[in-house]
Amino acid sequence: MATDAGKPIPRFPDGFVWGVSTSAHQIEGAVDEREPSVWDVFTGEPGRVKDGSTADVACDHYHRYREDVALLAALGVDAYRFSVSWPRVNSPGGLDFYDRLVDELCAAGVAPVPTLFHWDLPASLDWLERDTAERFAAYVSVVAERLGDRVGKWITLNEPAEHTLLGHALGAHAPGRRLLFDALPVAHHQLLAHGLAVRALRAAGARDIGIANSHGPAWAASEKDEDVAAAGFYDTLLNRLFAEPVILGEYPDGLGELMPGDVAADLKVIAEPVDWYGVNYYAPSLVGAPQGTDTEYGGLPLPAELPFSVREIEGRPVTDFGWPVVPEALTELLTGFRERYGDRLPPVVITENGCSYEGVDDQERIAYLDAHIRALHAASEAGVDVRGYFVWSLMDNFEWAEGYARRFGLVHVDYETLTRTPKASYHWFRDVLRAARG
Ligand code: FCB
């Protein structure tokens, strides 16, 4: 990859927040000390996770969080995005863990940024049920009550798009359903949960609230009408379906008619104003008309009946996951959002960006992150109000259906000994942060 790595990273506006991200299920372990989540059930079913692993121990962060906070402090990030496990909060002593973690972060001068749902739904609950949204808001109130004196920035949900599509439409993630378009209520109920959570957080005094949605440009495979239409549909499904209810208070392209309940009333809740909008960005997608057969892309099973197909983007380096490295698509995505939503687009925070590569001398990761930070800066120069950037991830962890095979961390984790070893990218990012402050 052509890279500017080595040249100083351009300066971002004052107050820009630099951070790293993780999620509870992917790092905590200590499954015996909480009730089960849909992910525990799913990983227990044969063939669901590629390497047959579970997150029972993962990085054992639950017991080693002090060491991990020390790594964050030495890295010099402003903020740490982690997630609160709803099943743990439901369990005796569970909230105490987050209380200790938040204290440890504050003492280290790292701002805690909790995500309140990162896919690990209590196993007894189901997003097909509207009631789950209300229960979520009740749980959020409990967490906000306990941590709100020390937490400034809150994130309601992580990637409801992936949780809907991978978990309920395609069956590749927990809870493993293959409902295709019958999964749409799962999207609606999560969005409703987001809106109710914003209200619950406001009631507890929170003033800095966002959501972390995954987005990427959908490029048409050719100029043929059928490819352009398929890419437009894919864009609606992945980007607009989850952005527009939050940003505009409406569903795109008549999709609201397919949603359950009093959709107009729910949209008022869903559009409860946020203080900023979180974007998880990894790669663009090249999309064309259906090809009439089942296909696979990036490890995902895509059945023939979908009204689109996802193609390889050629001529680009790919990560170990097979995802193409296209930094300028981040600029395109954000300037495109700004064009689409104008002044209604809240300030943007990149809540996840990163790549999977093996090795501790991870020069490819440095090149990837360097190029994406520059692409973010280009969006900022082009007028997008960009307020922060979080690397996925602080450390290698349980990468969902891929198990431990994909390493996204700035810190290497030896899963036998649980030893943490900072990679070259950790040292590089520490220097970027020092320079940003210098
Ligand atoms: C995102 C997830 C995160 C991690 C990265 C690689 O979709 O939010 O948990 O798995 O991908």
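Read the figures in this text as sums done on the coordinates, not as results from a lab. Keep in mind that what you see is a predicted model, and the values were worked out from it rather than measured. Here the Cβ is made from the backbone with ideal geometry for all residues, glycine too, and neighbour counts use every protein chain on show.
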Which number in (1) within 16 Å of the ligand (Cβ to nearest atom); (2) surrounded by fewer than 20 Cβ atoms within 10 Å (Cβ to Cβ); (3) under 19 Å from the mean Cα position of the chain (by Cα); (4) not aromatic (Phe, Trp, Tyr) marks the one condition that GLU358 misses? (3)
Among what's in region 396-438 and is closer than 20 Å to VAL49 by Cα and of a type in the set (A, V, I, L, M, F, W, C), pick the residue that is farthest from the chain's Cα centre (by Cα). VAL413
Can you work out which of the residues in region 156-175 that are in a loop (DSSP other than H, G, I, E, B) and under 18 Å from GLU305 (Cα atoms) is nearest to the ligand (Cβ to nearest atom)? ALA172
Could you list all residues from region 1-48 that are assigned to a strand (DSSP E or B) and more than 21 Å from the chain's Cα centre (by Cα)? ALA5, LYS7
Subset of region 371-388 (residues that are in contact with a Phe, Trp or Tyr (Cβ under 8 Å, 6 or more places away or on another chain) and more than 17 Å from LEU345 (Cα to Cα)): HIS372, ILE373, HIS377
Filtering region 219-238 down to residues that are over 28 Å from HIS188 (Cβ atoms) and free of Cβ contacts under 8 Å to residues at least 12 places away in the same chain yields GLU223, ASP225
Taking into account only those residues within region 385-429 that are of a type in the set (Lys, Arg) and in a loop (DSSP other than H, G, I, E, B), which is farthest from VAL38 (Cα to Cα)? LYS423
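Residues are listed down the side, and each one gets a yes or a no for (1) away from the ligand (no atom under 16 Å from the Cβ); (2) under 16 Å from the mean Cα position of the chain (by Cα); (3) closer than 27 Å to THR419 by Cα:
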{"site": "GLU328", "(1), (2), (3)": "yes, no, no"}
{"site": "PRO346", "(1), (2), (3)": "yes, no, no"}
{"site": "ASN353", "(1), (2), (3)": "no, yes, yes"}
{"site": "ASP362", "(1), (2), (3)": "no, no, yes"}
Only one of (1) touching a residue at least 24 places away in the same chain (Cβ under 8 Å); (2) surrounded by fewer than 18 Cβ atoms within 10 Å (Cβ to Cβ) fails for ARG407. Which number is that? (2)
In region 309-333, how many are touching a Gly at 6+ places or on another chain (Cβ under 7 Å) and assigned to a loop (DSSP other than H, G, I, E, B)? 3
Residues that are away from the ligand (no atom under 16 Å from the Cβ), under 28 Å from THR115 (Cβ atoms) and of a type in the set (A, V, I, L, M, F, W, C), drawn from region 288-322: LEU302
